[in-house]
1. Which residues, counting only those in region 160-195, are in contact (Cβ under 8 Å) with a residue 40 or more places away in the chain, open to solvent by 60 Å² or more (accessible area, probe 1.4 Å), in a loop (DSSP other than H, G, I, E, B) and within 24 Å of Glu66 (Cβ to Cβ)?
2. Could you tell me whether region 47-55 includes any residue that is closer than 23 Å to Asp141 by Cβ, open to solvent by 60 Å² or more (accessible area, probe 1.4 Å) and within 19 Å of the chain's Cα centre (by Cα)?
3. Does Arg157 satisfy the criteria of being modelled with pLDDT of 95 or more and surrounded by 14 or more Cβ atoms within 10 Å (Cβ to Cβ)?
4. Which ones in region 115-136 are in contact with a Gly (Cβ under 6 Å, 6 or more places away or on another chain) and either open to solvent by 60 Å² or more (accessible area, probe 1.4 Å) or of a type in the set (Val, Ile, Thr) (or both)?
Amino acid sequence: MAFLKKAAFSAFAMSFLAATPVFAADWTIDPARSTIGFAGTQTGNAFTGHFGKFDGTISFDPAHPEEGHAKITIDIASATTADKQRDGAMPGSDWFNVASFPTATFEARSFRAKGGNAYEAVGTLTIRGVSRPETLPFTLDISGQTAHAKGHLDLIRSAFGIGQGPWATGQWVALQVGVSIDVIANQTSGLSSRP
């Protein structure tokens, strides 16, 4: 009988622990010290640009990355490449169509540890109203309450409808676009409740 009581108690304890939520640390992006950039090729010439306005929140514990979550929102109208003609065209209906789709979002549903300080953010990227699953590889270094993440992702712009009409092919502007992040985030609350 004592054995049955111990077994029942152990089963109850295990079910309670399994139901205990994980409280990952919450982080807020510091836009002033962060960059979301992009790079492409137009008529054979490479160009780079960045988004001047974005924000986001991140819930992440390096010890339990699978429990994490993040959502980054980008103001598409803030894109700039330092080329007046290109910058004037990007908000238009053939490209980002900012009037109808003013923001892009990346929502990570979980993270995967890849060894050392390398991780992957697994989620959904939405641009111009088109949502697609994407995985962003990145490195992460944490010092005190400050986190520094750097990552890169190659996209095919036509998969999101970016470039309509004569711009739908890669004849003038390459279909592949690289997106790079260099993000500083500050911890605002919490630590994992697990040991």
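1. Passing the criteria: Leu191, Ser193, Arg194.
2. Yes: one or more hits.
3. Judged against the criteria, Arg157 is a match.
4. Val130
The values are calculated or read from the model by the stated rules, or taken from the named source; none is laboratory data. Because the structure is a prediction, the values reported are computed rather than measured. When we count neighbours, we look across all protein chains shown, and the Cβ atoms used for this are built from the backbone with ideal geometry, even at glycine. The accessibility values were calculated without ligands, DNA or RNA, using every heavy atom of the protein model including side chains. Shrake-Rupley method; radii C 1.70, N 1.55, O 1.52, S 1.80 Å.
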